[in-house]
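What follows is a short report on a single structure.
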Amino acid sequence: MIRLLERLGVPRVLMLGFLAVAIFMTGDGFELTFLSKFMVDQGFTSSQASLLVTVYGLFAAAGGWSAGMLAEMFGARRVMMFGACWWIGIHLLFLGVAIPSRIYPLILGLYALRGIGYPLFIYSFVVLMAQHISPSRLASATGFFWTCFSLGIGVFGAYLPSFIMPVFGEYRTFWFALPFSIVGTIMCFLFVPKNKVVKGEGLSRKERLKELAEGATILVTNRKILICAIIRIINNLLLYGFPVIMPLYLCTTHNGGINIFKTEEWMRIWGFVFVVTLIFNTFWGWFMDRFGWVWPMRWFGCAVLAVGSVAFYYIPQWFGANALMMIVASIIVGIGTCAFSSLPTIMTLYAGEGKQGAALSAYNLAAGLTTFAGPGVATILLPVIGYGGVCWTYAALYVLAFVLTLFIRPRQPGFDEHGHRIAKAKNGTAPQDDAVPAVNTVSEESIGVGVAAAEAV
């Protein structure tokens, strides 16, 4: 097993760190598939339930935006430990104080604050990957990183609660997240190495703040990066929006829900999305490097997810409580969600020399904002247009992303300006084109972080 991981580019010094990510994210994902239903069962409205996840996503976006820069400036392991301890402490307050109080502002505030923790944990580890793994092996190692992430938050985080909840109930199931998060934190403390380089040493507070802010200001100064960021936000709308609305639609009669599945059945159906991502996270990165960066994103990402958006609504209407057909819809969503893996690479190319770090911070910010935008759409529109209207809104946003891909035409190495692969010369190598120097201007560290982000779900 160790030799297999080394072939994937995972050095021994980081192997237990990858395992720590999977275990910690299992705890973080425990309530994702049933929190909204639990809130409604406690007497709160569907809008209040979705607002809870929406605000959580906004705070997670802030954590994701700052994680990489903080890890470079203060040390990745230190930031990971802070994020993990923050998550555990706030989770204890959320379960032990907020939920029993039934005071919505307290529940909302504590759950939102918890959202800062997990991005600090996982995105800081990406910095260590960039420093400890050769860029030539980082793509394979990154596929394994996102496999660990998906195994935690999506597979174990969905399937384990689906078996625990019928026995212990929804509230007690929340508490089962703690052992996983605590074990992941202990493993981080014992086995995750320190940074090889701490960028913040010698920088003034003003210089550190400037480094941090540049990841947002580049969205104003570079229109191409802004377009890519919008596409990235749309990318995962279903991944964070459907866990909010689908338990209400499929498992209750609230707001016109059809109540044809048990909650644990829904959780197992949704788990297939992440099972699929275990394969396609790596596949799409390999495919796009060989056949083009943009057109697979346009057709297999945006178009497929537009279909998946409405499939989840209409399949139960047409086929009733047919779990197999719902699993097919989950597979569609899983395949499409992974088909945006070239975005961070495109953003670093558009950023130009010296701005790759800012471009990747913008990418992380957009990745965090999608956890806000997905449930945010449901929060605003669900009381007005119902579940079907929200699903069609998601589909329309994927059509918008489809159109936006027409405005990004990066010069991919090995392809001409029209996106066609350049024929290999007789010696077996592709002729050099204008895109190659652009890639070579990216620093080794930035390439590492870029590839590490490239296969994110």
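What the table below lists for this structure:
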item	result
Residues (part of a loop (DSSP other than H, G, I, E, B), in contact (Cβ under 8 Å) with a residue 60 or more places away in the chain and not polar (S, T, N, Q)) located in region 242-261	257, 260, 261
Subset of region 262-281 [within 22 Å of residue 371 (Cβ to Cβ), touching a Cys at 6+ places or on another chain (Cβ under 9 Å) and either aromatic (Phe, Trp, Tyr) or in a loop (DSSP other than H, G, I, E, B) (or both)]	266, 280
Matching residues in region 389-418 - criterion: being of a type outside the set (Val, Ile, Thr), modelled with pLDDT under 95 and open to solvent by less than 30 Å² (accessible area, probe 1.4 Å)	410, 412, 414, 415
Among the residues listed as 293, 284, the single one being assigned to a loop (DSSP other than H, G, I, E, B), under 21 Å from the mean Cα position of the chain (by Cα) and among the hydrophobic types (A, V, I, L, M, F, W, C)	293
Residue pairs meeting the criteria (Cβ under 8 Å; at least 6 apart or on separate chains; first under 21 Å from residue 275 (Cα atoms), in region 316-329; second among the β-branched types (Val, Ile, Thr) and open to solvent by less than 70 Å² (accessible area, probe 1.4 Å))	322/315; 323/269; 325/315; 326/269; 326/315; 327/269; 328/315; 329/315
Tally, over region 73-88, of residues that are crowded, with 24+ Cβ neighbours inside 10 Å and touching a residue at least 60 places away in the same chain (Cβ under 8 Å)	4
Matching option when the condition is at pLDDT 95 or above, surrounded by 21 or more Cβ atoms within 10 Å (Cβ to Cβ) and small (Gly, Ala, Ser), among 330, 361	330
Given (1) part of a loop (DSSP other than H, G, I, E, B); (2) under 15 Å from the mean Cα position of the chain (by Cα), number of the condition residue 30 does not satisfy	(2)
Residue match in region 36-58 (condition: surrounded by fewer than 17 Cβ atoms within 10 Å (Cβ to Cβ) and charged (D, E, K, R))	yes
Scan of region 148-173 for residues that are open to solvent by 30 Å² or more (accessible area, probe 1.4 Å) and under 25 Å from residue 18 (Cα atoms), ordered by number	151, 156, 159, 160
Among (1) assigned to a helix (DSSP H, G or I); (2) open to solvent by 10 Å² or more (accessible area, probe 1.4 Å) - the single one residue 353 does not satisfy	(1)
Members of region 184-216 found to be modelled with pLDDT of 85 or more and assigned to a helix (DSSP H, G or I), listed by number	184, 185, 186, 187, 188, 189, 190, 191
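The values are calculated or read from the model by the stated rules, or taken from the named source; none is laboratory data. None of these values were measured; they are calculated from a predicted model. Note that each Cβ is placed from the backbone with ideal geometry, even for glycine, and that neighbours are counted across all protein chains shown. For accessibility, only protein heavy atoms count, side chains too; no ligands or nucleic acids. Shrake-Rupley method; radii C 1.70, N 1.55, O 1.52, S 1.80 Å.
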